[in-house]
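Student: Dropping the structure in here first, questions after.
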């Protein structure tokens with residue numbers, strides 16, 4: 001099975017998410033977000049394997065915006081990305097606040113990436129990517145729950 005790589009692929013959509021994580025990730029200092037101490041090794045391995053797949057597979061998903069579904073996918077991606085970025089703001093700007101130390105505040109940045117990932121799945125009409133993204137978010141959130 002050959003997976004074609006095109007220059008116009010959905011990996012371009014991943015760049016803002018990657019940049020956000022690379023630039024702002026080190027500014028989060030809450031141990032409940034950073035710790036791996038309470039998670040079993042199998043969970044960390046599965047989370048990282050699915051993370052790698054979710055961030056690499058868009059290279060093989062064409063970025064085509066002609067169909068109605070792909071236009072809906074772009075809207076879901078944009079709105080989802082804004083929600084994801086917003087979910088980080090309390091952790092960055094008010095890390096000692098009640099929200100930033102609540103389960104909802106700590107898990108929001110782990111749950112909300114599902115929206116941009118589903119947007120990419122809609123753009124590429126890729127239900128396997130949607131399923132893989134859902135599995136990654138489940139594992140990523142489970143890892144976060146371990147630290148609460």
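The values are calculated or read from the model by the stated rules, or taken from the named source; none is laboratory data. Because the structure is predicted, anything quoted here is derived from the model rather than measured. In this analysis, Cβ positions are derived from the backbone assuming ideal geometry, glycine residues included, and neighbour counts consider all displayed protein chains.
Every residue, every condition in (1) closer than 14 Å to residue 11 by Cβ; (2) part of a helix (DSSP H, G or I); (3) more than 19 Å from the chain's Cα centre (by Cα), yes or no:
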| position | (1), (2), (3) |
| --- | --- |
| 37 | no, no, yes |
| 42 | no, yes, yes |
| 52 | yes, yes, no |
| 56 | yes, yes, no |
| 59 | yes, yes, no |
| 66 | no, no, yes |
| 71 | no, yes, yes |
| 76 | no, yes, no |
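Student: So which residues in segment 23-35 are touching a helix residue (DSSP H, G or I) at 6+ places or on another chain (Cβ under 7 Å) and either outside any helix (DSSP H, G or I) or surrounded by 12 or more Cβ atoms within 10 Å (Cβ to Cβ) (or both)?
Tutor: 24, 28, 30, 32, 33
Student: What pairs can you find where one residue is in segment 15-33 and under 16 Å from residue 87 (Cα atoms), the other is part of a helix (DSSP H, G or I) and at pLDDT 90 or above, and their Cβ atoms are less than 6 Å apart, with a gap of 6+ or different chains?
Tutor: Taking only residues 6 or more apart or on different chains, the pairs are 27/92; 28/91; 32/106.
Student: How about segment 94-148: which of its residues are part of a loop (DSSP other than H, G, I, E, B), surrounded by 21 or more Cβ atoms within 10 Å (Cβ to Cβ) and more than 11 Å from the chain's Cα centre (by Cα)?
Tutor: Within segment 94-148, just 124 meets the criteria.
Student: Still on this structure, I have one more. Please go through (1) assigned to a helix (DSSP H, G or I); (2) in contact (Cβ under 8 Å) with a residue 24 or more places away in the chain; (3) more than 13 Å from the chain's Cα centre (by Cα); (4) under 24 Å from residue 139 (Cβ atoms) for residue 47 and return the number of the only condition it doesn't satisfy.
Tutor: Checking residue 47 against (1) assigned to a helix (DSSP H, G or I); (2) in contact (Cβ under 8 Å) with a residue 24 or more places away in the chain; (3) more than 13 Å from the chain's Cα centre (by Cα); (4) under 24 Å from residue 139 (Cβ atoms), the one that fails is (3).
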